[in-house]
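In what follows, a single structure is set out as structure tokens and then discussed.
The values are calculated or read from the model by the stated rules, or taken from the named source; none is laboratory data. Keep in mind that what you see is a predicted model, and the values were worked out from it rather than measured. All Cβ positions, even for glycine, are placed from backbone atoms using ideal geometry, and neighbour counts span all protein chains on display.
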Amino acid sequence: MIFDFASPTSFGGVIALLLNLLSMAILVRALLSWISPDPSNPLVQVLDAITEPILQPLRQIIPRIGMIDITPLVAIILLSVIAQLVAESGI
């Protein structure tokens, strides 16, 4: 479940929480891209630094659809699946 911030009681729960936070950062970055914020803004720089290591490899694999970059959507789906698997693994 995406953005489920239940109390992490295990190592897997903490990892799942971090993956969900990363998904939220990607979502915020995607929404901010619609308003074209100033690249020197500290929030934009932090979001870029956090999310670019996830998005860049996906951009090399997933082509744009016209002018639309769907890599944030794919990244959020992948991170959500991984978070769910990790949370349920009982680690």
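Given the structure, is LEU27 of a type in the set (A, V, I, L, M, F, W, C), in a helix (DSSP H, G or I) and within 9 Å of the chain's Cα centre (by Cα)? Outline the logic, then answer.
Values: of a type in the set (A, V, I, L, M, F, W, C): yes; in a helix (DSSP H, G or I): yes; within 9 Å of the chain's Cα centre (by Cα): yes.
Answer is yes for this residue.
Considering only residues that are of a type in the set (A, V, I, L, M) and either part of a loop (DSSP other than H, G, I, E, B) or touching a residue at least 60 places away in the same chain (Cβ under 8 Å) (or both), look in segment 47-76 and name the one that is nearest to LEU17 (Cα to Cα).
The selected residue is ILE76.
Here's the yes/no breakdown for (1) basic (Lys, Arg); (2) modelled with pLDDT under 95; (3) assigned to a helix (DSSP H, G or I); (4) surrounded by 15 or more Cβ atoms within 10 Å (Cβ to Cβ):
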{"residue": "ASN20", "(1), (2), (3), (4)": "no, yes, yes, yes"}
{"residue": "SER36", "(1), (2), (3), (4)": "no, yes, no, no"}
{"residue": "PRO39", "(1), (2), (3), (4)": "no, yes, no, no"}
{"residue": "GLN45", "(1), (2), (3), (4)": "no, yes, yes, no"}
